[in-house]
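Student: Please read through the structure below; I'll follow up with questions.
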Amino acid sequence: MLTLKRADRLASKILAAGEGHPFAVAVVDEGGNLLVLKRHEDAGFFYVEMSRAKAWAAVALRRGVKASGEALMKRALLGALTDISDGRFLPIKGSVLLRDRKKRIVGAVGVAGPAGGDNDEAWAVQGAEAVGLKAEV
């Protein structure tokens, strides 16, 4: 189970990892419910929505989005999933599934900002590891 306290620590670790960059972090539980949303004071509002959609996509797919997200991008299915989720589905870099030590899905994190998907993903993984979770990209 991903507690509010651990989710808050995770978001704070991710913000620290990307210090100096304006971005947003969203952490959801295994059901896609928002636990924590944090943003750098200079991050635009769209990064908030993107981070939430990235986290939601990871937990909705129930696996890392790297392979599945790329496959979806090549088909019309991505548009359909985005439509039926009211825009809450963005399976791209920075969308990371979280597992506990027993390999159970406990939630997901989405990181979005102008530094790019590679940085978003790296900061998410670094934050997850710092709080004892396995990040699945």
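The values are calculated or read from the model by the stated rules, or taken from the named source; none is laboratory data. This is a predicted model, so every value here is computed, not measured. Glycine gets a Cβ as well: all are built from the backbone with ideal geometry, and neighbour counts include every protein chain shown.
Student: Considering the stretch 37-52 alone, what residues qualify as being aliphatic (A, V, I, L, M) and more than 16 Å from Gly94 (Cα to Cα)? Spell out how you get there, then give the answer.
Tutor: Here is the first cut: in the stretch 37-52, the ones aliphatic (A, V, I, L, M) are 37, 43, 48, 50.
Residues satisfying the conditions do not exist here.
Student: Looking at Gly44, Gly20, Gly64, which one is at pLDDT below 95 and under 12 Å from the mean Cα position of the chain (by Cα)?
Tutor: Values: Gly44 fails: under 12 Å from the mean Cα position of the chain (by Cα); Gly20 fails: under 12 Å from the mean Cα position of the chain (by Cα).
It is Gly64.
Student: Could we say that Arg63 is touching a Leu at 6+ places or on another chain (Cβ under 9 Å) and part of a loop (DSSP other than H, G, I, E, B) here? Talk me through it step by step, then tell me what you get.
Tutor: On the way: touching a Leu at 6+ places or on another chain (Cβ under 9 Å): yes; part of a loop (DSSP other than H, G, I, E, B): yes.
When the stated conditions are applied, Arg63 passes them.
Student: While we're here: Name the single residue, out of those in the stretch 1-40 being of a type in the set (D, E, K, R), in a helix (DSSP H, G or I) and touching a helix residue (DSSP H, G or I) at 6+ places or on another chain (Cβ under 9 Å), that is farthest from Gly117 (Cα to Cα). I'd like the intermediate steps shown before the answer.
Tutor: Our first condition is that a residue be of a type in the set (D, E, K, R); within the stretch 1-40, this holds for 5-6, 8-9, 13, 19, 29-30, 38-39.
When the remaining residues are screened for being in a helix (DSSP H, G or I), the result is 5-6, 8-9, 13.
Adding the requirement that they be touching a helix residue (DSSP H, G or I) at 6+ places or on another chain (Cβ under 9 Å) leaves 9, 13.
On the way: Arg9: 22, Lys13: 17 Å.
Applying the filter and picking the extreme gives Arg9.
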